[in-house]
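Visitor: Got a structure for you, written out below as structure tokens; questions coming shortly.
The values are calculated or read from the model by the stated rules, or taken from the named source; none is laboratory data. All of these numbers come straight from a predicted model, not from anything done at the bench. Here Cβ is always computed from backbone atoms with ideal geometry, including for glycine, and neighbour counts include all displayed protein chains. When the accessible area is computed, the model is the full protein with side chains, heavy atoms only, and any ligands, DNA or RNA have been set aside. Shrake-Rupley method; radii C 1.70, N 1.55, O 1.52, S 1.80 Å.
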Amino acid sequence: MKKSNDLSLPDFNAESVSHNDSPNESFSSVLDTRLSRRSVLRGGLASAAAAVFGSVGLSACGGGDDDDSASTPQAGATTEKLLGFQAVSKSLADTVVVPAGYTASVLYALGDPLRASTAAYKNDGTDTDFENRAGDHHDGMELYGLSSDGRPSTEIVDRGLLAINHEATTDERLSSHFLHVNGGTTTLPRPAAEIDKETAIHGISIIEVRKTANKWEYVQNSAFNSRLTALSDIEIAGPARGNALMVTKYSVNGTKTRGTLNNCGTGKTPWGTFLSGEENWFGYFVRGTTDDAARGNDKSVVSLRRYGRTQGQASRHGWESGGTDDKYARWNISKLGVSTNGSDDYRNEMNGMGYIIEVDPYDKSRSAKKRTALGRYAHESASFGKAVPGQPLAIYMGDDARNEYIYKFVSAATWTAADATPTDRMTTGDRFLDAGKLYVAKFNADGGGQWIELSITNPAIAAYATYAFADQADVVVNARLAGDAVGATKMDRPEWSGVNPLNGEIYFTLTNNSDRRVEPTTSSQRGVDSANPRAYTDVRGSTTQSGNVNGHILRVKEGPAGNSALTFTWDVYMFGAESAANPDLVNLSKLTGEQDFSSPDGLVFSPATGICWVQTDDGAYTDVTNCMMLAALPGQVGDGQKLTLNYTKTAGGTLAIDTYVGKNPTPETLKRFLVGTPGCEVTGLVETSDGKTMFVNIQHPGENTALANINDPSKYTSQWPGNAGYGAGRRPRSATIVITKNDGGRIGT
Ligand code: FEO
Ligand code: CA
Ligand code: CA
């Protein structure tokens, strides 16, 4: 998504607007003493002065050949040291920086052709045919091994299918800078030809990638290549399929919809399919200025407002203005028809977005499915608890908007070993993803917590005064309202989740929250609590930002029942902070200059090495460094200490907030591995199963380029990857990069 903390964000981005005004309680600060060991602060570390080499846009820097932790060229197993690389320094350069001994190269950028017959990308705003090109804003990503006869393989490490989310496009006032000649049209109505490009660059890519003669490339003419866009036909699956809430002019029986939007985090199912989270979809729709009255101010208005669409609010790109064709009209979700059920207009269209969708990467003939049982909200990643034969599966998910919730889905079906290699992957998906229980998290001040089931049989939901739920489909479609009803904990923007393969603990990035306050003064602000304990001010350049500016990473240990546990314990693995920030209220994890970061977003555990990779999408520390990626070796819930934050209140006196923070990282357990280009977010990460090739996405380089400067590349905030020798032109392009270790070792050693 866009720069997380940017105060100038327009209001169609979920991050910028809190729609959660429900009065769920903050925590009391009554606590047991759980762990009281005082941490021993580390001594200072010499700053690694990592030089950026040369003028190419992908650079190796940092330590030299004398790095005693380098793995051997043979196998690396006996001498390799996890996090043995030399940390890279913070950087503002227009280049992707990786440690010495590593190589990064560009693989697949915005506009790259997916058919032999599609022309090379000119990158000057004249390109068309985006249904057959890479989409924009590469985000979450998964890899599916491919055998020589085109079948799924978990062993193959030199050929596979990459499934890549294309979240959005770099924009300013309706238009998209880099897709159109002169930057495109910034007033309504917008030309259909521009809209057609923009709908096509959203969605998902499936591309074949292959290593030939030690070089990774995507295969332009592969029969596996495919795209889903904002207009693709997609099935509704799960409890909401066929429900009255899903009826539209396009699907009068409520069983399908068009398109997937703002695809952000991802998941890989244990049966080999791709999961993609629809995040900030609501901003693409528009309602007329009198639509509340047209709807008779019925409960749909409550739902629309809770999900970020007030009447008269402008849409992000004005796609509804392209003409009378249905593919434009469907973005106007006003009640315009005369039917009682919505079968003659698009009043229910927004209920078709906001899901985890499942895609079979190996078979493009199979329809993608929106798995409504997992709830409708601003989805990020979907991470699976350990698949244990005889037990249900658990999927952990966050809702990325200020003061939204963390969720868990537990399947009704139980896992068997044979489910890992099904003959029909989508049918296996039906079994595990369409029936089960959806829970929301409540974090208690004593370091424990509950998973509260979102069920129509729960009296708090069935009798909720704010919104009259009709049935279980209504509960999952309006999961946020159900979470409000049961008093779930309002979090600091839950982004990705990841499950530690070593111990099964679940990590959640909470990227930041500009609405967190010690003493709230507006209806959208929330007070600090144990799981979201920080609120402070930070200066970026000449701008002051308030709230939980730098974000934190929370982790959960399930109770003895594992995947189906209803209780858990938690602590904060790490707090993001600038290394020089106040150690008592801000830099609580005592990060050093080699480790400090802001706004954690992507989080992926490597199945090969167990390294926890943390990626940032920051708007707070970007006066000092571009966004980055760190490698971490975390411990476990409870390995740190209880901390009490003492805030001074305006009227005098102190507010004491207790929290739990994990063991402080050391140079051996947290290290900066990569720094991206100006304006970019670093996101999406997947490795080959041997851990020796890593794919990472650089999203929206040059994002803050002013539209007025579209014809002056010298004023672009980034010219990457053109400046790295990849492709034509200097307009910046989101891209997937490949990282390998020069000695053939595993990534992160
Ligand atoms: Fe698309 Fe919340 O990041
Ligand atoms: Ca700062
Ligand atoms: Ca994200």
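Visitor: Can you pull the percent of the range 192-296's accessible area that's carbon plus sulfur, 1.4 Å probe, other chains left in place?
Guide: The C+S portion of the solvent-accessible surface of the range 192-296 is 51 percent.
Visitor: Could you tell me the accessible area of D298 in Å² (1.4 Å probe, neighbours in place), rounded to the nearest ten?
Guide: 70 Å²
Visitor: Given an 8 Å cut-off on Cα distances and at least 6 residues of separation, report the relative contact order of the range 534-660 as a percent.
Guide: For the range 534-660, the relative contact order is 19 percent.
Visitor: In the neighborhood of N458, defined by Cβ-to-Cβ distances under 14 Å, what is the net charge if each Lys or Arg adds +1 and each Asp or Glu adds -1?
Guide: Once all neighbours under 14 Å are counted, the net charge is -2.
Visitor: Relative contact order (percent) for the chain, with alpha-carbon contacts under 8 angstrom and 6 or more residues of separation?
Guide: Value for the chain: 17 percent.
Visitor: Give me, ordered by chain and number, the residues 5 or more places off D233 or on other chains with an amide H under 5 Å from its own placed amide H.
Guide: When sequence neighbours closer than 5 places are left aside, the close amide H contacts are G259.
Visitor: Something else now. Could you give me the percent of Cα pairs per 10 Å distance bin for the range 351-449, shortest bin first, beginning at zero and ending with the bin that holds the maximum distance?
Guide: Using 10 Å bins, I get a P(r) of 14, 43, 32, 10, 1, 0 for the range 351-449.
Visitor: In the range 647-749, if every C-alpha pair distance is counted and binned at 10 Å from zero, what percent goes to each bin?
Guide: Calculated over all Cα pairs of the range 647-749, the distribution is 12, 27, 23, 18, 14, 5, 0 percent.
Visitor: Per residue of the range 647-657, in order, report the coupling 6.51 cos²θ - 1.76 cosθ + 1.60 (Karplus, θ = phi - 60°) as ³J(HN,Hα) in whole Hz, putting x for Gly and Pro.
Guide: 9, 7, 7, 4, 8, x, x, 10, 10, 9, 10
Visitor: Got a sec? Which residues in the range 637-655 would a label at N582 touch, if it sits 7 Å along Cα→Cβ and we count backbone N under 19 Å?
Guide: Hits in the range 637-655 for N582 at 19 Å: 643-655.
Visitor: With all distinct Cα pairs included, what does the Kirkwood hydrodynamic radius of the range 447-546 come out to in Å, to one decimal, could you say?
Guide: Its Kirkwood hydrodynamic radius stands at 16.2 Å.
Visitor: What does the accessible area of S343 come to, in Å² to the nearest 10, when a probe of 1.4 Å is used?
Guide: Taking all protein chains as shown, S343 has close to 40 Å².
Visitor: Just the ratio, please: alpha-carbon radius of gyration of the range 241-344 over 2.2 N^0.38 Å, N its number of residues.
Guide: Here the answer is 1.18, to two decimals.
Visitor: Let me ask something additional. What percentage of all Cα-Cα pairs in the chain are separated by more than 52 Å?
Guide: 5 percent
Visitor: Could you report the accessible area of W451 in Å², rounded to 10, computed with a 1.4 Å probe on the protein chains as they sit in the structure?
Guide: We get 10 Å² for W451.
Visitor: Of T669, T95, T654, which has the most accessible area with a 1.4 Å probe, and how do the rest follow in descending order?
Guide: Per-residue accessible area, sorted high to low, gives T654, T669, T95.
Visitor: Ignoring ligands, DNA and RNA, what percent of the 1.4 Å accessible area of the range 549-592 is carbon and sulfur?
Guide: Answer for the range 549-592 is 61 percent, counting heavy atoms of protein chains only.
Visitor: Where the centroid of each part is defined by its Cα atoms, how far is the range 643-681 from the range 429-482 in Å?
Guide: 31 Å
Visitor: Now for a separate question. May I ask you to give the average projected area over all directions of the convex hull of the Cα atoms of the range 503-550, in nm² rounded to one decimal?
Guide: 4.5 nm²
Visitor: Amide H to amide H, which residues 5 or more places from D515 or on other chains are under 5 Å from it, using H placed in the peptide plane?
Guide: N548
Visitor: With every protein chain kept in place and ligands, DNA and RNA left out, what is the accessible area per residue of the chain? Probe 1.4 Å, answer in Å².
Guide: Using a 1.4 Å probe on heavy atoms only, each residue of the chain averages 33 Å².
Visitor: Cα centroids of the range 112-172 and the range 274-327: how far apart, whole angstrom?
Guide: The two parts, judged by their Cα centres, are 29 Å apart.
Visitor: Next up: Residues with amide H under 5 Å of L107's amide H, sequence separation 5 or more or different chain, H placed in the peptide plane at 1.01 Å from N; which?
Guide: Placed amide hydrogens put T736, I737, V738 under 5 Å from L107.
Visitor: Also, quick follow-up: In whole percent, and with a 1.4 Å probe on the protein chains, what portion of the accessible area of the range 640-740 is carbon and sulfur?
Guide: 48 percent
Visitor: Still on this structure, please answer the following. Tell me the label-point distance for the pair N253, L92, using the 7 Å Cα-to-Cβ offset, in nm and rounded to one decimal.
Guide: 6.0 nm
Visitor: Translational diffusion coefficient of the range 159-199 at 10 °C, 1.306 mPa s, Stokes-Einstein with Kirkwood Rh over Cα pairs, in µm²/s as a whole number.
Guide: Answer from the Stokes-Einstein relation: 138 µm²/s.
Visitor: Do any trypsin sites (Lys or Arg not before Pro) in the range 578-667 lie in a loop, going by DSSP, with at most 11 other beta-carbon atoms within 10 Å of their beta carbon, and if so which?
Guide: K649
Visitor: From the backbone phi of the range 333-338, what are the Karplus-calculated ³J(HN,Hα) couplings (6.51 cos²θ - 1.76 cosθ + 1.60, θ = phi - 60°) in whole Hz, Gly and Pro given as x?
Guide: 9, 5, 7, 10, x, 10
Visitor: Right, here's the next one. What FRET efficiency comes out for the pair T423/N503, r = Cβ-Cβ distance, R0 = 30 Å, nearest 0.05?
Guide: The calculated FRET efficiency here is 0.35.
Visitor: Sequence neighbours fewer than 8 away in the same chain don't count; with that in mind, list the lysines whose C-alpha is under 18 Å from K692.
Guide: Partners found: K81, K211, K215, K741.
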